[in-house]
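The values are calculated or read from the model by the stated rules, or taken from the named source; none is laboratory data. All values reported here derive from a predicted model rather than from experimental measurement. Glycine gets a Cβ as well: all are built from the backbone with ideal geometry, and neighbour counts include every protein chain shown.
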């Protein structure tokens, strides 16, 4: 009761509030988030239908304004004008924290330019939730969603494969199998955790070694969060090309140069570049 009284007596400052909302279970919302949303003149949201479910559950009456990646630029002038008139506006995403692989950065940057206060209301995060149960290194790099083109993925993964920390990805269900295949090429020897529908009734967690993880037979429902472990200790890595390495090289030879393949495999394995190079030439000559 003391906590509730303190919240009621706490007058909010004017400005934009970046409010974290549940990533699945609608009960995972803070008391402060509910209070801020209740006191907001309006709430910017991705999908009004999704956000209405959350607001109805917690009896929040504030007006919803659609603010997704296709219209957020059009909303800027109107929202900034409202904020300059000493109002309280919140921004939420369908799940998690705005501006983290979701709309929000554009209006936040515009607020900064106009000296309008921006306040974070922390809460649920798919990144921290996945890292917390992974058992991997707490030092992590958050990549976000995969780019559209494979050449962009390859470019980024060459850099990411050198990081000795956990790596977190967001992946759409339609792209997960392709993503896993690419990860096998660049992150051989690491462990993987695939999180699906976190905090929901049908939540699922798939663990294993990236080299052994199987592809989904059917397209899974809902976006996935994938965590890769830190790099494996080279002391335990084989010093010769095994059958899995050879299969990966045969796949990579179609899209990567011999030099790129040699650098990639030798980075993850204690295998001489000469052996890798010669095997690549052998495959090319067999064609």
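Table for the structure above
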| quantity | calculated |
| --- | --- |
| Lone unmet requirement of (1) over 25 Å from the mean Cα position of the chain (by Cα); (2) surrounded by 16 or more Cβ atoms within 10 Å (Cβ to Cβ); (3) not in a strand (DSSP E or B) for residue 89 | (3) |
| Output for segment 143-162, where each listed residue is surrounded by fewer than 20 Cβ atoms within 10 Å (Cβ to Cβ), in contact (Cβ under 8 Å) with a residue 40 or more places away in the chain and over 29 Å from residue 28 (Cβ atoms) | 150, 154, 158, 162 |
| Cβ pairs under 8 Å, 6+ apart, first in segment 269-287 and modelled with pLDDT of 85 or more, second assigned to a loop (DSSP other than H, G, I, E, B) and surrounded by 12 or more Cβ atoms within 10 Å (Cβ to Cβ) | 275/241; 276/241; 279/241; 280/253; 283/253; 284/253 |
| Complete set of residues in segment 19-67 that are surrounded by 22 or more Cβ atoms within 10 Å (Cβ to Cβ) and either part of a strand (DSSP E or B) or not assigned by TED's automatic domain parsing to the domain that holds residue 116 (or both) | 19, 21, 43, 44, 45 |
| Criterion violated by residue 232 - all others in (1) in contact (Cβ under 8 Å) with a residue 40 or more places away in the chain; (2) under 21 Å from residue 146 (Cβ atoms) satisfied | (2) |
| Filter pass, residue 16 being buried (at least 21 other Cβ atoms within 10 Å of the Cβ) and in contact with a strand residue (DSSP E or B) (Cβ under 9 Å, 6 or more places away or on another chain) | yes |
| Options 261, 226: the member that is within 15 Å of residue 184 (Cα to Cα), in contact with a helix residue (DSSP H, G or I) (Cβ under 8 Å, 6 or more places away or on another chain), assigned by TED's automatic domain parsing to the domain that holds residue 161 and buried (at least 18 other Cβ atoms within 10 Å of the Cβ) | 226 |
| Scope segment 25-48; condition closer than 15 Å to residue 91 by Cα and free of Cβ contacts under 8 Å to residues at least 24 places away in the same chain; matching residues | 48 |
